[in-house]
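One structure below.
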Amino acid sequence: MNILKFFTAGSVDDGKSTLIGRMLYDTDSILADQLEALQNSNRKNDDGSIDLAILTDGLRAEREQGITIDVAYKYFQTEKRKFIIADTPGHIQYTRNMVTGASTADLAIILVDARNGVVEQTIRHSYLASLLGIKHLIVCINKMDMVDYSETVFDAIVLKYKALAHQLNLQNVNYIPVSALRGDNVVQKSDHMSWYQGESLLNYLENVDVSSDLDVAYARLPVQWVIRPQTEDLHDYRGYAGKVASGTLKVGDEITVLPSGLKSTISKIEQFDKELSETFAGQSVTLHLKDDIDISRGDVIVNSTSLPYQSQVVEADLCWMDTRPLDPSLTYLIQHNSKLSRCKIQEIVYNVDINTLEKHSVHEFKLNDIGRVLLKTADVLPFDLYDDNRANGAAILIDSRTNLTVGALMFRMALDY
């Protein structure tokens, strides 16, 4: 059974947590003790019904304020598919949390309040979905019960959002009118909107095809560990363990090890106590090569027919996550897959006002700022452009003084390739 990872985004009070709660509740995905806690909770809706947002509001501050602050992950499954949901914050103050939750998602659900239409936060979250390379997007126009399930209201919001989607080059956008509070078009089709001929949200999520998003050409395995027991039984054993970041590797494939450029052929693929003829993205395996060559942790094994860029100077989009501003005079650490290297920010190219999408020349990056920078690394990085291969086109910045993650990077251009 395949897995769909998606995240929800929208303004505060657009109903993200309620939508997820409704989906879990109507698919009987709530454990008995959780259901009992819901029923005994003193947080109720105006009509006395259960406040389903409690299911994802795990922090005490979230329950007290009625807003999402951190990313909440929920898991459920139907007969057709398993789901991992990231309920991300809508408030501008927690943009960094949203980027974290969205970074591994296959699909985005953008909630729009039917009473308010497309607002600044809608633009902000749609821009982030575009920036993060999300290929499937659902615009859930929520609270339709509060506008009398009006088709006219729905059509007006769809028309306005289509203009935004065109501006951001968003592909595969679908529009669904819902009421998370009442359950309309969430799990079951609504009787209140006979004018809507599409499917319910859950039905769409069960059937959307994301397998074509994976490009099997970009086979990348960052080496985590070189296994060399040197025991009597395993005297000549030499394996290279790691998680396949992207693509497919098969026994007999010619590979190149980067950054050294040494070549060999895959002779065996092991996974736990069994041998595989091929391995796919997401699998943790041990590769054996025909030749004994020098490979270390941080090296990347790639298919020789589709080599990544190799560069020390990179132009990248940056989302700043630290309360202290970016300091170009400092040397930061960059973690790219299993490779850790030092780097410096050589230039802040621009900062994006993601409420208006305008680009501005600035001299510093502050918390939640997003823009583009030019950086130079101490070591050559073998990477793909983010738009081509998300798994090998992203990295994080670490403050070497505190060891805290301070930024998320998406590679856009290699300048000394």
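A few remarks follow.
- The residue that is nearest to the chain's Cα centre (by Cα), counting only those in the stretch 1-24 that are modelled with pLDDT under 85 and open to solvent by 60 Å² or more (accessible area, probe 1.4 Å), is 1.
- With respect to the conditions (1) aliphatic (A, V, I, L, M); (2) assigned to a loop (DSSP other than H, G, I, E, B); (3) in the same structural domain as residue 245 (by TED's automatic domain parsing), residue 326 lacks only one, and its number is (3).
- Among the conditions (1) in a strand (DSSP E or B); (2) closer than 19 Å to residue 393 by Cβ; (3) open to solvent by 60 Å² or more (accessible area, probe 1.4 Å); (4) not hydroxyl-bearing (Ser, Thr, Tyr), residue 275 misses just one, which is (2).
- Residue match in the stretch 260-271 (condition: among the hydrophobic types (A, V, I, L, M, F, W, C) and within 29 Å of residue 210 (Cα to Cα)): yes
- Check on residue 134, in the same structural domain as residue 183 (by TED's automatic domain parsing), closer than 22 Å to residue 187 by Cβ and crowded, with 16+ Cβ neighbours inside 10 Å: no
- In the set (1) free of Cβ contacts under 8 Å to residues at least 60 places away in the same chain; (2) not in a strand (DSSP E or B); (3) not acidic (Asp, Glu), the condition left unmet by residue 263 is number (2).
- Filter pass, residue 300 being open to solvent by less than 40 Å² (accessible area, probe 1.4 Å) and either within 27 Å of residue 130 (Cβ to Cβ) or polar (S, T, N, Q) (or both): no
- Apart from one condition, residue 388 fits all of (1) in a loop (DSSP other than H, G, I, E, B); (2) more than 22 Å from the chain's Cα centre (by Cα); (3) closer than 30 Å to residue 171 by Cα; the exception is (2).
- Residue in the stretch 237-262 that is least open to solvent (accessible area, probe 1.4 Å), counting only those that are more than 27 Å from the chain's Cα centre (by Cα) and on the phi > 0 side of the Ramachandran plot: 261
- Pairs, first under 19 Å from residue 168 (Cβ atoms) in the stretch 345-367, second of a type in the set (S, T, N, Q), C-beta under 8 Å, six or more apart: 350/361; 351/361; 357/167; 359/351; 360/351
- Scan of the stretch 183-193 for residues that are surrounded by 18 or more Cβ atoms within 10 Å (Cβ to Cβ) and over 27 Å from the mean Cα position of the chain (by Cα), ordered by number: 184, 190, 193
- Residues that are in contact with an Asp or Glu (Cβ under 6 Å, 6 or more places away or on another chain) and open to solvent by 40 Å² or more (accessible area, probe 1.4 Å), drawn from the stretch 317-354: 325
- Of residues in the stretch 101-120 being open to solvent by 10 Å² or more (accessible area, probe 1.4 Å) and under 29 Å from residue 82 (Cα atoms), the one modelled with the highest pLDDT: 106
The values are calculated or read from the model by the stated rules, or taken from the named source; none is laboratory data. Just so you know, these numbers come straight off a predicted model, no measurement behind them. Every residue, glycine among them, receives a Cβ derived from its backbone with ideal geometry; neighbour counts consider all protein chains shown. Quick note on the areas: whole protein, heavy atoms, side chains included, nothing else; ligands and nucleic acids left out. Shrake-Rupley method; radii C 1.70, N 1.55, O 1.52, S 1.80 Å.
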